[in-house]
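Since every read-out is calculated from the coordinates, none of them should be taken as a lab result. What you are looking at is a predicted structure, and each value in this text was computed from that prediction instead of being measured. Here Cβ is always computed from backbone atoms with ideal geometry, including for glycine, and neighbour counts include all displayed protein chains.
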Amino acid sequence: GIGRVWFVRIGIGLLLTGFVFLSTYAYQNYIITWSAGSRVTLLYFAAVVLTVTGFFLERWKESLCNYGRVVAAGGWAAIYYTTYATYHIERLRIIDNPVLAAILLSLVALAFFAYAASKKSSLLTVGSLMLAFYATAINPMGWLGCFSGLLLSTIGMVFFLRFRWTQTGVTSLGGAYLSYLYWQGFINSTA
């Protein structure tokens, strides 16, 4: 039903939005004196807690399996965003080497998608793709944002070809175009 599927997806999208914006707000107003490393550690901690909660819910009760997978997808997307932020977001920058940043982002994406493939879950894959595209789109688009879009699109298309999950192909292409359009239309018009 609507409550078991869409409300959960909308809720995790709102949670990820809060994760991105409230972390920025907290860094600007409350934990100003913290180092970038401490801030990133806090974000990774919150993302891992969300992911582990999803894993727990998925295994705890059969009726919570899909809910747990959506929560885990949100956690994986938060891990992806945090890795993205370690190079791309000034207050969270702990990596100065763009090649290292791209390698780490790739490793996180590959780790998640290896997990999704082991579960053979299109829900987990599509949810994380959408949330990862969203998390990177709501930040300024730099070369790492473009790389992120290419990486996510490629992995989504691999899942489409391997498992014949139409949703992953549509999400991959749609996510890449929509995040780019959002950046071009909204971010550039307000800059």
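Tabulated data for the structure shown
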| quantity | calculated |
| --- | --- |
| By average C-beta atoms within 10 angstrom, highest first, the peptides 45-52, 149-156 | 149-156, 45-52 |
| Peptide ranges 106-117, 73-84 listed from the most packed, as the mean C-beta count within 10 angstrom indicates | 73-84, 106-117 |
